[in-house]
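The values are calculated or read from the model by the stated rules, or taken from the named source; none is laboratory data. Remember, it's a predicted structure, so these values are computed and weren't measured experimentally. Glycine gets a Cβ as well: all are built from the backbone with ideal geometry, and neighbour counts include every protein chain shown.
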């Protein structure tokens, strides 16, 4: 029997694939060594090592204020979107929801509608409600942007484990609320936590809506980065970009660990269910 | 044993009333923060200062604006084509890898997907600006005498946008290719099909849903993209999102900005409805 023929073709494909991964990673990763260069003028390779631009970031009140504002907005949006999205996911999977098709359409709305359209529309309404440049405004806007991702993540977690387990709890006399907190929630917990993580990252990185609804002294980190890129490309930005990239790697590793935990839990729950039935 | 029905439960499921209660916070938020703002903006474009389609006519009739819209379509199409060409080999090799190899390739796709768009756009500016890394190296290697103008050109916008949107192309194609058993291609080749014929007759038709989904996602995202065109393209390479921003922030012409948004929305919704089945958002979550 002939195995896959044409080893040359396969090698070419492999080479192309790895070249594309280099293309994907290189522009972001090349910033990391450059951020440690001593000169005001970014170079690759850097001719020296210095923490100067990191110090500059930590000394600059405007950078720090923007960072804390983004952290606040991210945490509030993550909690808000996770709560609201988990409740909706439950209604979609376990409930009899009137107008289900329309609601499903609304869930994907914030992803389908271009962010610039939504950003300008929010800007218009938020100006009139005096919500621009406020934490409440950002929390509301980012919660809505993160909701589709939360709903899909929690839906996936709910579909992954056997609904019979919750029904068993109900038929043993537990009410729907107790059934949820004692059976369902522990099983989908890793999914809910990774949904919250998604929501936080979406809010923390969100640039377009932030660009429009930021205030003069209440702006998010992406908005501050945007201004800095636009007016003066200082190496402080390279330091900020490096820290954000490392943060993303951390978040991805955490997300991966959560996914593994969810798979183990689903497998364990299925095993237990099998013993009884 | 039959479970008792109650306000909260209807047989094995939550009752309609309980389900609506669970969905209520979502509905409230989506109405107030999503539907209402969009409706207000579109109302502005249709009724202010007087009812009519004059803002839409202006957007589609004046050559300046028409040029921006054509450029937007052209760039979005180029970005989609470039992303497809780059994504295919990566998705193919991913679909035939296991273990560490797959983990590394997947990390290469997921890290950019979750890295801030601003960080990635900034990286391209550092590479492409007048005194940027690319120009430094071109001169160091003696390939050019003076810095080339790379930033604020259409190819730079296409390249950077394709880079930013590439994960949205790779992931759906990878999902589709992963579902094709290796036996299929082996069987085709044992029956005498050439590599090209087995690609054309077996792999491509089975991968097509993933390809459609990826192309649609990238094209839609590219049409409304703001950050990368604004910074890499500058005013010279204005796309529709940058034009909307300019109308709002510099001209304070909300009605005209609303009309531009209306045109963009109509286009995006039309494409979404036509390719309804290709819009598979679930592919982008739960992958991390």
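Some points to look at:
- Between B:84, B:100, B:165, the distinction of being over 20 Å from residue A:15 (Cβ atoms), in a helix (DSSP H, G or I) and more than 8 Å from chain A (Cβ to nearest Cβ) belongs to B:165 only.
- Total residues in the stretch B:128-162, condition touching a helix residue (DSSP H, G or I) at 6+ places or on another chain (Cβ under 8 Å), free of Cβ contacts under 8 Å to residues at least 12 places away in the same chain and either under 27 Å from residue A:210 (Cβ atoms) or part of a helix (DSSP H, G or I) (or both): 1
- Just so you know, in the stretch B:87-97 the residues that are facing another protein chain (nearest Cβ under 7 Å) and touching a residue at least 24 places away in the same chain (Cβ under 8 Å) include one that is farthest from residue B:170 (Cα to Cα), and it is B:92.
- Scope the stretch A:12-46; condition exposed (fewer than 15 other Cβ atoms within 10 Å of the Cβ) and under 30 Å from residue B:195 (Cα atoms); matching residues: A:12, A:15, A:19, A:22
- Filter result for residue B:171 (under 24 Å from residue B:224 (Cα atoms) and either more than 21 Å from the chain's Cα centre (by Cα) or not assigned by TED's automatic domain parsing to the domain that holds residue B:231 (or both)): no
- All positions within the stretch A:110-152 that are outside any helix (DSSP H, G or I) and either closer than 23 Å to residue A:91 by Cα or touching a residue at least 12 places away in the same chain (Cβ under 8 Å) (or both): A:131, A:132, A:133, A:134
- Residues in the stretch B:12-36 that are farther than 15 Å from residue A:145 by Cα and more than 7 Å from chain A (Cβ to nearest Cβ): B:17, B:21, B:24.
- Criterion (crowded, with 24+ Cβ neighbours inside 10 Å and more than 14 Å from the chain's Cα centre (by Cα)) met by exactly one of A:212, A:198: A:212
- Residue check, residue B:68 closer than 27 Å to residue B:237 by Cβ, within 14 Å of chain A (Cβ to nearest Cβ) and touching a helix residue (DSSP H, G or I) at 6+ places or on another chain (Cβ under 9 Å): yes
- All positions within the stretch B:246-274 that are farther than 13 Å from residue B:56 by Cβ, within 7 Å of another protein chain (Cβ to nearest Cβ) and surrounded by 19 or more Cβ atoms within 10 Å (Cβ to Cβ): B:248, B:254, B:268
- Residue within the stretch A:135-142 that is modelled with pLDDT of 95 or more, within 30 Å of residue B:270 (Cβ to Cβ), crowded, with 23+ Cβ neighbours inside 10 Å and more than 7 Å from every other protein chain (Cβ to nearest Cβ) present: yes
- Among residues of the stretch B:3-22 being in contact with a strand residue (DSSP E or B) (Cβ under 8 Å, 6 or more places away or on another chain) and under 10 Å from residue A:95 (Cα atoms), the one that is modelled with the lowest pLDDT is B:8.
- Residue in the stretch A:47-57 that is within 9 Å of chain B (Cβ to nearest Cβ), surrounded by 14 or more Cβ atoms within 10 Å (Cβ to Cβ) and under 14 Å from residue A:241 (Cα atoms) present: no
- Restricting the stretch B:54-69 to residues that are free of Cβ contacts under 8 Å to residues at least 40 places away in the same chain and surrounded by 11 or more Cβ atoms within 10 Å (Cβ to Cβ), the residue that is farthest from residue B:255 (Cα to Cα): B:67
- Top-ranked residue of the stretch B:179-231 - restricted to ones that are closer than 25 Å to residue B:276 by Cβ and without any contact (Cβ under 8 Å) to a residue 12 or more places away in the chain, ranked as farthest from the other protein chains (Cβ to nearest Cβ): B:205
- Taken together, the criteria exclude residue A:233 from residues that are without any contact (Cβ under 8 Å) to a residue 12 or more places away in the chain, within 8 Å of chain B (Cβ to nearest Cβ) and touching a helix residue (DSSP H, G or I) at 6+ places or on another chain (Cβ under 7 Å).
- Residues in the stretch A:144-188 that are closer than 27 Å to residue A:74 by Cβ and either more than 10 Å from every other protein chain (Cβ to nearest Cβ) or at pLDDT below 75 (or both): A:146, A:158, A:181, A:184, A:185, A:186, A:187, A:188.
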